[in-house]
1. Multiply the residue gap between Ile45 and Ser71 by 0.36 nm, knock off their C-alpha separation, and tell me the result in nm, one decimal place.
2. Rounded, prolate or oblate: pick one for segment 29-111, where a ≥ b ≥ c are the square roots of the eigenvalues of its C-alpha gyration tensor, a/c under 1.5 means rounded, and failing that, prolate if a/b is larger than b/c, else oblate.
3. Quick one: if you stick a label point 7 Å off each Cα along the C-beta vector at Arg34 and Tyr56, how many nm between them?
4. Taking θ = phi - 60°, what integer Hz values does the Karplus form 6.51 cos²θ - 1.76 cosθ + 1.60 yield along segment 87-99, in sequence order, with x for Gly and Pro?
Amino acid sequence: MAEESNTLPESEIVAPEAESETPATWHDPAKVLRFAVIARVTARILLALIVVGLGYVTYQVVHNASMTGQSAWSNLLMQYLAFVSLVMAVVVMEGIAYFLEIMVDIEENTRK
């Protein structure tokens, strides 16, 4: 009996693609950097609005407490805790921008 071979004939062998994609080449780096800049600018604008809002809320709480003779500390604490979540949103947006810039740098280094 003839010996069977487990190899493919030469005509059925498929050559690998000449230029293989790196894992991060599914996007355009310019678009990613633009998105990172938009995220960073949005975070800075939101942070400025948070600071202005925090000042306004502090003024209102202290003013109302002085008019009614109540302690402002408990009201201020509750308002400040509400602003912590907004500050965390700014931190997350800055983190996204930083991560995207790192990914673009990694991709540019792997293309060289």
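1. Values: separation 26, 0.36 × 26 = 9.36 nm, distance 3.23 nm.
Working it through step by step, the gained length comes to 6.1 nm.
2. Working: a/c = 7.86, a/b = 3.85, b/c = 2.04.
Taking the square roots of the gyration eigenvalues as a ≥ b ≥ c, segment 29-111 is prolate.
3. Once both label points are built, they end up 3.3 nm from each other.
4. For segment 87-99, the Karplus curve yields 5, 5, 5, 5, 4, 5, 5, 5, x, 4, 4, 5, 5 Hz.
Rule-based calculations on the coordinates, nothing more; no lab input. Please read these numbers as outputs of a predicted model, since none were measured by experiment. Positions of Cβ are backbone-derived with ideal geometry, glycine not excepted, and every protein chain shown enters the neighbour counts.
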